[in-house]
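Data block below; observations after.
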Amino acid sequence: MELPQRPAVGVAAIIRNGDTILLGWRVASHGAGSWQLPGGHLEYGETPEDCACREVWEETGLTIINPRRGPYTNDLFEADQRHYITLFVLADYAGGIPEALEPTKCARWEWFTWDALPEPRFLPLANLLRQGVPPTVWEGL
């Protein structure tokens, strides 16, 4: 008997640098050709905050501070038969220049203001924006 496919848990880091956040141009796997937040799969025993710090370091070389939990999205990539629950973590920029350390996954990183985020957007980010989450929601976190 085949077991049903289960959703995976992804973590996406919203890194604040003044009035901008960091996005990368995705070139691999599902969502290729879209703008994404840094992040990846939650590993066994890892907190979402630790995952965000690890993934940001691995993908960009940046260190983030003050990671804190945010909302989540339910993301169904129908064409790829993938289902994710994406946990968003807000963090503050601690300095440095983001580098594309995994260029086969993400070609480049750029800073954008919340009200001028580029398109197309990776599904978790698009779903977050559809929920109507404004940048002011982060002020009290």
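Would you say D92 is farther than 14 Å from Q36 by Cβ, modelled with pLDDT of 95 or more, touching a strand residue (DSSP E or B) at 6+ places or on another chain (Cβ under 6 Å) and charged (D, E, K, R)?
Yes, satisfied.
Could you say which residue among L76, L87, L62 is among the aliphatic types (A, V, I, L, M), over 12 Å from the mean Cα position of the chain (by Cα) and closer than 18 Å to R130 by Cβ? Working first, answer last.
Values: L87 fails: over 12 Å from the mean Cα position of the chain (by Cα); L62 fails: closer than 18 Å to R130 by Cβ.
Every option except L76 fails the conditions.
When the range 42-53 is examined, which residues are found to be farther than 16 Å from G24 by Cβ and not acidic (D, E)?
Just the residues of the range 42-53 that are farther than 16 Å from G24 by Cβ, to begin with: 42-51, 53.
Answer for the range 42-53, where residues must be farther than 16 Å from G24 by Cβ and not acidic (D, E): L42, Y44, G45, T47, P48, C51, C53.
Across the range 92-101, what is the total count of residues that are assigned to a loop (DSSP other than H, G, I, E, B) and either hydroxyl-bearing (S, T, Y) or crowded, with 17+ Cβ neighbours inside 10 Å (or both)?
Qualifying residue count for the region: 2.
If the Cβ limit is 7 Å and pairs must be 6+ apart or interchain, which residue in the range 107-122 that is loosely packed, with under 14 Cβ neighbours inside 10 Å pairs with which residue that is polar (S, T, N, Q)?
Qualifying pairs under 7 Å: T113/T20; P120/S34.
Please specify each residue of the range 44-68 satisfying the condition of being under 13 Å from V89 (Cα atoms) and not in a helix (DSSP H, G or I). Before the answer, list the steps.
Of the residues in the range 44-68, the ones under 13 Å from V89 (Cα atoms) are 47-56, 64-68.
Those that are under 13 Å from V89 (Cα atoms) and not in a helix (DSSP H, G or I): T47, I64, I65, N66, P67, R68.
Looking for something surrounded by 12 or more Cβ atoms within 10 Å (Cβ to Cβ) and of a type in the set (K, R) - is there at least one such residue anywhere in the range 61-71?
Yes, there is a match, as at least one residue in the range 61-71 is surrounded by 12 or more Cβ atoms within 10 Å (Cβ to Cβ) and of a type in the set (K, R).
Which of (1) under 17 Å from N17 (Cβ atoms); (2) modelled with pLDDT of 95 or more; (3) not charged (D, E, K, R) does F122 not meet, given it meets every other one?
F122 satisfies every listed condition except (1).
What's the number of the only condition in (1) surrounded by 14 or more Cβ atoms within 10 Å (Cβ to Cβ); (2) touching a residue at least 12 places away in the same chain (Cβ under 8 Å) that W57 fails to meet?
(2)
Only one of H41, H83 is at pLDDT 95 or above and surrounded by 14 or more Cβ atoms within 10 Å (Cβ to Cβ). Can you tell me which?
Numbers: H41 fails: surrounded by 14 or more Cβ atoms within 10 Å (Cβ to Cβ).
When all the criteria are applied, what remains is H83.
How many residues are among the small types (G, A, S) and in contact with a Phe, Trp or Tyr (Cβ under 9 Å, 6 or more places away or on another chain) when one looks only at the range 79-112? It would help to see each step written out before you state the result.
We begin by selecting, within the range 79-112, every residue among the small types (G, A, S); these are 79, 91, 94-96, 100, 107.
Imposing the further condition that a residue be in contact with a Phe, Trp or Tyr (Cβ under 9 Å, 6 or more places away or on another chain) reduces the set to 100, 107.
Selection size over the range 79-112: 2.
The values are calculated or read from the model by the stated rules, or taken from the named source; none is laboratory data. Everything numeric in this text was worked out from a predicted model, so none of it was measured. Every residue, glycine among them, receives a Cβ derived from its backbone with ideal geometry; neighbour counts consider all protein chains shown.
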